[in-house]
1. Please give the number of the condition ASP155 fails out of (1) touching a residue at least 24 places away in the same chain (Cβ under 8 Å); (2) surrounded by fewer than 21 Cβ atoms within 10 Å (Cβ to Cβ); (3) over 22 Å from the mean Cα position of the chain (by Cα).
2. Being at pLDDT 95 or above and under 18 Å from the mean Cα position of the chain (by Cα): is that true of HIS218 here?
3. I need a count of the residues in the range 20-66 that are buried (at least 21 other Cβ atoms within 10 Å of the Cβ) and assigned to a loop (DSSP other than H, G, I, E, B).
4. Just checking, how many residues over the range 314-329 are open to solvent by less than 60 Å² (accessible area, probe 1.4 Å) and more than 24 Å from the chain's Cα centre (by Cα)?
5. Regarding the range 2-16, can at least one residue be identified that is over 23 Å from ALA166 (Cα atoms) and outside any helix (DSSP H, G or I)?
6. Give all pairs with beta carbons closer than 6 Å in which a residue from the range 84-100 that is farther than 11 Å from ILE74 by Cβ and modelled with pLDDT of 95 or more meets a residue that is open to solvent by less than 30 Å² (accessible area, probe 1.4 Å) and part of a helix (DSSP H, G or I); count only pairs at least 6 apart in sequence or on separate chains.
7. Taking the options GLY124, GLY192, name whichever one is surrounded by 15 or more Cβ atoms within 10 Å (Cβ to Cβ) and at pLDDT 95 or above.
8. Do you know which residues across the range 67-89 are open to solvent by less than 50 Å² (accessible area, probe 1.4 Å) and within 26 Å of ALA14 (Cβ to Cβ)?
Amino acid sequence: MFPDRFRFAQDELAPIFSDCKSVIVFNAHAPEHIQSLTHWDVTVVQGFAPAVHDLEQTGVKVIQDVEGTYDCAIVLLPKSKPLARDLIARAVQSTPSGHILVDGQKNDGVDSILKELKKRVDLGPIISKAHGKMAWFGAGGDLSDWRACPNEIGDGFETVAGVFSADSIDPASALLAAQIENKLRGSVADFGAGWGYLTRAILQNQAVTHVYAIEADHAALGSAQKNCADPRVSFIWDDATTWKAPKALDFVIMNPPFHHFGVADPKLGVAFISAAARNLSGAGQLLMVANRHLPYETALEQYFQSVTELDGTSKFKVFLAARPRKMKR
């Protein structure tokens with residue numbers, strides 16, 4: 001992890017940070033990621049709502065859009081290569097002098113990114129430790145062509161680098177969209193709305209009066225706002241597992257995530273199911289899709305009185321869960 005490599009390279013990094021006062025860190029998503037940076041004025045660029053909450057709880061300044069300039073920049077690489085390039089380009093733009101440090105795990109593709117960087121900048125020594133690598137280069141280069149552009153994927157949908165299913169419509173969501181046609185009414189929430197594919201499918205139901213599109217990824221929600229321009233929608237940047245609806249809902253629709261920053265975590269889906277039950281009315285219904293291997297049946301039966309598996313595929317299963325068991329909202 002980044003703190004291990006940063007401490008290991010203290011001697012090499014000392015000249016770089018000697019005159020540094022302000023540091024901008026891209027993609028830190030836990031307080032421990034910046035625990036080695038206590039000597040500087042640190043700003044973190046992060047758009048994932050739960051991570052923002054965790055960082056701000058410890059007093060860290062967190063932003064989503066960069067304004068102004070900084071003495072040094074640190075980029076903690078994500079798995080998405082287009083997003084990694086974009087973050088590095090943004091780091092260069094925000095650091096007109098000083099250095100940009102790039103750090104990542106081997107299984108997140110750090111080797112290929114550093115290989116590309118060597119062709120574009122004067123890359124300093126590469127530090128290898130803790131299953132990852134770290135290197136740095138001086139500011140002043142031009143990597144503006146690495147900035148990510150919006151991605152047009154058809155049917156009027158636009159996505160951005162790094163969001164879930166950025167290059168095409170997710171087949172599980174497409175399966176669920178076919179199941180909700182002309183079946184929804186009243187107030188509906190799309191838990192984990194992403195860039196808005198299911199939100200738009202919900203809006204095709206004319207009896208729907210209001211949609212709450214809940215999404216933790218700030219960039220994805222920005223795309224959803226463009227993809228689903230409809231006065232019936234409230235776009236909410238929040239963690240769906242802790243969000244509380246203004247009033248009990250008639251339906252919740254969801255294709256819940258089961259990865260947290262690249263690490264599989266089926267408990268996320270269970271938390272989504274619990275949150276759906278908590279926010280639904282006594283007669284409310286949940287329609288959800290999931291990969292067939294994920295064990296959600298027990299949780300569905302725990303939180304709902306009626307659970308029915310609808311038509312699915314060999315890869316995905318669709319559930320209709322009704323009459324949530326009484327829970328505190």
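The values are calculated or read from the model by the stated rules, or taken from the named source; none is laboratory data. Please read these numbers as outputs of a predicted model, since none were measured by experiment. Backbone-built Cβ (ideal geometry, glycine too); neighbour counts: all protein chains shown. Keep in mind that these areas ignore ligands, DNA and RNA; they rest on the heavy atoms of the full protein, side chains included. Shrake-Rupley method; radii C 1.70, N 1.55, O 1.52, S 1.80 Å.
1. Only one criterion is unmet by ASP155, namely (1).
2. Values: at pLDDT 95 or above: yes; under 18 Å from the mean Cα position of the chain (by Cα): yes.
Answer is yes for this residue.
3. 4
4. Let us first name the residues in the range 314-329 that are open to solvent by less than 60 Å² (accessible area, probe 1.4 Å), namely 316-322, 324.
Now restrict to residues that are more than 24 Å from the chain's Cα centre (by Cα): 319-322, 324.
So the answer is 5.
5. At the first step, the residues of the range 2-16 found to be over 23 Å from ALA166 (Cα atoms) are 2-16.
Restricting the remaining residues to those that are outside any helix (DSSP H, G or I) gives 9.
Yes, the range 2-16 contains a residue that is over 23 Å from ALA166 (Cα atoms) and outside any helix (DSSP H, G or I).
6. Going by the 6 Å Cβ cut-off, the qualifying pairs are ALA84/ILE113; ARG85/TRP146; ALA89/TRP146.
7. After ruling out the rest, the residue left standing is GLY192.
8. Selection gives TYR70, CYS72, ALA73, ILE74, VAL75, LEU76, LEU77, LEU87, ILE88.
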